[in-house]
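> Quick one: structure below, then a few questions.
Bear in mind that the values in this text are calculations on the coordinates, not laboratory data. Nothing here was measured: the structure is a model prediction, and the numbers come from that model. Cβ coordinates were reconstructed from backbone atoms using ideal geometry, including for glycine residues, and neighbour counts include every protein chain displayed.
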Amino acid sequence: MIGGKGMNFALSQPMNLATNCLLVLIVLLQSDPAASQNMVLDDFEDLSQWSAIASEGARIEIAQDTGHTGMGMRVDFDLEAGGGYAIVHRDLPLDLPESYVFSFYLRAEAPMNNVEFKLLDASGNVWWRQRRDYTFPTEWRQILIKKRHLGFAWGPAGGGVIGKVAALELAISVGTGGKGSVWIDDLRFEAREP
């Protein structure tokens, strides 16, 4: 035994400490990094990677504005002329794990309309989560889109699940029509345990 006043250590303790550290390191290295992957995809402090697309008869503009934290993206849309949709689009290459969730914060001053969250692959296939006649929250609300919420919408694949994302879109399509503003902030992605 080695030690001074109040400190007694067995000579084998350094070996036990080294063994414990090695075991912890092995466990960490063998764990699935995707299982703990949580990343900010966009904090909307810069909108240069976003583009706006509107159908004939619709209008859309994007601008930076106060977000949930820091700056966010304000989407001003007008579907009053019978326009079909207003979309914000961002190229976003991302390999998807077996289980995941996308999240973002949203608030609006807008009439009830359809809202669509879309994932596009490089071949032109689209998977989406569509909410018809969606009543927009007037206060910030976190929106979660889990893998199980996404369904195949259209494209040459004819079905299946998406494995590699090429782009992400958020769309507002005619429900009641009208015009309004939607604020979006803190777009995140989290890989989860299957």
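> Provide, as a two-decimal number, the C-alpha radius of gyration of the range 62-145 over 2.2 N^0.38 Å, N being how many residues it has.
Cα Rg divided by the expected 2.2 N^0.38 Å: 1.20.
> Then there is this: In nm, to one decimal, how far is the modelled label at Thr176 from the one at Glu109, with both set 7 Å along Cα→Cβ?
1.6
> Something else: For Leu94 and Ser51, what does the FRET efficiency come to when R0 = 22 Å and r is the distance between their Cβ atoms, rounded to the nearest 0.05?
0.80
> Taking the range 46-88 on its own, what percent of its Cα-Cα pair distances exceed 16 Å?
Taking all Cα-Cα pairs of the range 46-88, the fraction more than 16 Å apart is 40 percent.
> Still on this model: Could you pull out which residues in the range 136-166 have an amide N less than 18 Å from a spot 7 Å beyond the Cα of Arg192, following the Cα-Cβ vector?
Output list for this probe position: 142-152, 161-163.
> If you take the alpha carbon radius of gyration of the range 108-167 and divide it by 2.2 N^0.38 Å, what ratio comes out, to two decimals?
With N residues counted in the range 108-167, Rg over 2.2 N^0.38 Å equals 1.28.
> If I model a spin label as a point 7 Å beyond the Cα along the Cα-Cβ vector, how far apart are those points for Gln37 and Lys164 in nm?
Spacing of the two 7 Å Cα→Cβ label points: 1.3 nm.
> Here's a follow-up. Which values of log₁₀ I(q)/I(0), to two decimal places, follow from the Debye formula for the range 81-194 at q = 0.12, 0.21, 0.22 Å⁻¹ with a uniform point scatterer at every Cα?
Log-scaled intensity ratios, in q order: -0.43, -1.23, -1.32.
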